[in-house]
1. Among all the lysines, which ones have a C-alpha under 27 Å from K132's C-alpha, if same-chain residues fewer than 8 places away are not counted?
2. Roughly speaking, what is the stretch gain from M207 to N76, that is 0.36 nm per residue apart minus the C-alpha to C-alpha distance, in nm to one decimal?
3. If I model a spin label at K152 and E51 as a point 7 Å from the Cα along the Cα→Cβ vector, what separation in nanometres do I get?
4. How high is the FRET efficiency between N60 and I129 when r is their beta carbon distance and R₀ equals 41 Å, given to the nearest 0.05?
5. For a quick check: with amide H placed at 1.01 Å from N, whose amide H comes under 5 Å from G200's, ignoring anything fewer than 5 positions away on the same chain?
6. Accessible area, 1.4 Å probe, largest first: how do K132, K67, K19, K152 sort?
7. Taking θ = phi - 60°, what integer Hz values does the Karplus form 6.51 cos²θ - 1.76 cosθ + 1.60 yield along the range 81-89, in sequence order, with x for Gly and Pro?
8. Calculate, in nm to one decimal, what L167 and I194 gain on full extension: separation in residues at 0.36 nm each, minus their alpha carbon distance.
Amino acid sequence: YLIEHHLPKIGFYHAVAIKDHRIIALGMLYINNTHPHRDYILFHDVQDYLEPSLFSRFINFLEKNSKIKRLQLLLNSRDTHLHELLESHSFYIARTSYLIELTRLNGIIIDTRTIRTKSLNHMSIDEWIKLKKLFHFNYSRYHESVNRLAQKISPEQLFENLENINLAQSRILLNSHDDPCAYVLIGNSDDNLIEIAYIGGRYEDRMNYYLA
């Protein structure tokens, strides 16, 4: 059976499934300040396999307690079972993130002297303005179904809402007119991992060039 809880420090609502006096699964609603137009959900099952009937009850409980009635979650692509359960309840993939391990880059850039980049903490005011406009354009275009926040605020405000961007590691690519034509924004990083929070450019058909 399911037990409801309201614990703001953990999530503003969650339910636990109990069998034989043991918690066997958890479903939770929580708020992601970066994407405030949807309530985020989280599931955990001690056996790593949610029964379809139990999943349906979780979804009904969480949706009933969501003020927005629009649910979203972060899903590991390896979790095919949960993916199928979500699809059966009309969920769809809004965007995809990748974990990439770079081993070597051979033959991609022939003459590095033609590549001019600059870190964000060394940009001019004019470059900042152009980067924010470019980021705003791309974010509005590719995140419309996930977060319509960018449609309602300025490029300046949108960039201020980004969290944990490393200005020293993040870089822009300059074109022949010294204008930012692409960017890579680095998030939380350590000695073993670099988090690419956002990557984009002015022209979609030139992404291979930007990536190189």
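1. Result set, ordered by chain and number: K118, K152.
2. In short, 44.6 nm is gained.
3. 4.1 nm
4. 0.30
5. Under 5 Å from the amide H of G200: Y183.
6. Putting K132, K67, K19, K152 in descending order of accessible area: K67, K152, K19, K132.
7. Computed from phi, the couplings for the range 81-89 are 5, 5, 4, 5, 5, 5, 4, 5, 10 Hz.
8. 8.4 nm
The values are calculated or read from the model by the stated rules, or taken from the named source; none is laboratory data. Keep in mind that this is a model prediction, so the values were computed, not measured. Cβ atoms come from the backbone with ideal geometry, glycine included; neighbour counts cover every protein chain shown. Remember, those area values only see protein heavy atoms, side chains included, never the ligands or the DNA or RNA. Shrake-Rupley method; radii C 1.70, N 1.55, O 1.52, S 1.80 Å.
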